[in-house]
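Input: a single structure, listed below in structure tokens.
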Amino acid sequence: MPKVHKIGPQRFVQLTNFPFKWGFKLIVRGWTQELEHPFRTSTPLIVRLPRYKALVFGKWTGTKNEEEALSTALGKREVTYDDFTEEAGWTPAPDSDREAGGNNPYSRFDLMDGAVDVHDWKAHYYLAKTTE
């Protein structure tokens, strides 16, 4: 995590790596949060610098408790039964027999005549993935 330099009690600046292509944007609005006490949050301005570097200027605007801060940082959310309904956008997996058909080139491990014992490891991986 990049070092945060304080500018007074509420403002900060930091130099960070920003490995994303921005297109032609020079300044974007970001979001940041401390992972140590006092767990402050901010929506800073990020100024693009050459070589995927960025200069961040921000003001701490709020705080969270430790559990909320870590849950937000990890992207945690509570999942309920209602999340698995078609109205919520969830579609069940299609029924399948879990066997690859003879038309699939990866369903046969050996050559057609069986004279040469050649195994295609991609086929093993493909069949293992489809049965999961």
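Starting from residues that are of a type in the set (S, T, N, Q) and surrounded by fewer than 17 Cβ atoms within 10 Å (Cβ to Cβ), keep the ones in segment 12-47 and report whichever is farthest from residue 62 (Cα to Cα).
Among them, the one singled out is 17.
Please enumerate the residues belonging to segment 30-55 that are outside any loop (DSSP other than H, G, I, E, B) and more than 23 Å from residue 71 (Cβ to Cβ).
Across segment 30-55, the qualifying residues are 45, 46, 47, 48, 49, 53, 54, 55.
What are the residues in segment 48-67 that are over 30 Å from residue 24 (Cα atoms) and surrounded by 14 or more Cβ atoms within 10 Å (Cβ to Cβ), if any? Quick ask: steps written out before the conclusion?
From segment 48-67, those over 30 Å from residue 24 (Cα atoms) are 62-67; that's our starting set.
Those that are over 30 Å from residue 24 (Cα atoms) and surrounded by 14 or more Cβ atoms within 10 Å (Cβ to Cβ): 63, 64.
Of the numbered conditions (1) in contact with a Phe, Trp or Tyr (Cβ under 9 Å, 6 or more places away or on another chain); (2) at pLDDT below 55; (3) on the phi > 0 side of the Ramachandran plot, residue 98 fails exactly one; give the number of that condition.
Looking at each condition in turn, residue 98 falls short on (1).
The values are calculated or read from the model by the stated rules, or taken from the named source; none is laboratory data. Keep in mind the model is a prediction, meaning the values are calculated, not measured. A quick note on method: Cβ atoms are made from the backbone with ideal geometry, for glycine too, and the neighbour counts reach across all protein chains shown.
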